[in-house]
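Trainee: Let me begin by handing over the structure; questions about it come next.
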């Protein structure tokens, strides 16, 4: 009888643990942006810009320049497109910033 009670208690504890794990996993996926959570102006808070730009610039050989420009663009638009390059259409402000010569300002 004691073994049965112990088994039930352990099963309930395991069930509660699994539910808690799923809730935490859901919170984590909401933090990381994806196509369902959206991008665009205001999707990034200013303190998130360094992390988002590190992700965006992680595969370029011009890391310092990319980080400098990305952080300027992020501070102005509060947006960093998904992926390592391209996808600027999801963040119009980021896409429309131009250099003096008319080229794209944001990486």
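The values are calculated or read from the model by the stated rules, or taken from the named source; none is laboratory data. No experiment lies behind these values; they were computed from the predicted model shown. Every residue, glycine as well, gets a Cβ built from its backbone with ideal geometry; the counts of neighbours run over all protein chains shown.
Trainee: Is there a residue being under 13 Å from the mean Cα position of the chain (by Cα) and at pLDDT below 65 anywhere in segment 18-27?
Mentor: Pass one, segment 18-27, residues under 13 Å from the mean Cα position of the chain (by Cα): 27.
When the remaining residues are screened for being at pLDDT below 65, the result is 27.
Yes; the residues of segment 18-27 include at least one that is under 13 Å from the mean Cα position of the chain (by Cα) and at pLDDT below 65.
Trainee: Please list, ordered by first then second residue, the pairs with beta carbon atoms under 9 Å, 6 or more apart or interchain, first in segment 42-59 and in the same structural domain as residue 82 (by TED's automatic domain parsing) and under 13 Å from residue 77 (Cα atoms), second at pLDDT 95 or above and surrounded by fewer than 11 Cβ atoms within 10 Å (Cβ to Cβ).
Mentor: Between residues of segment 42-59 that are in the same structural domain as residue 82 (by TED's automatic domain parsing) and under 13 Å from residue 77 (Cα atoms) and residues that are at pLDDT 95 or above and surrounded by fewer than 11 Cβ atoms within 10 Å (Cβ to Cβ), there is no close pair.
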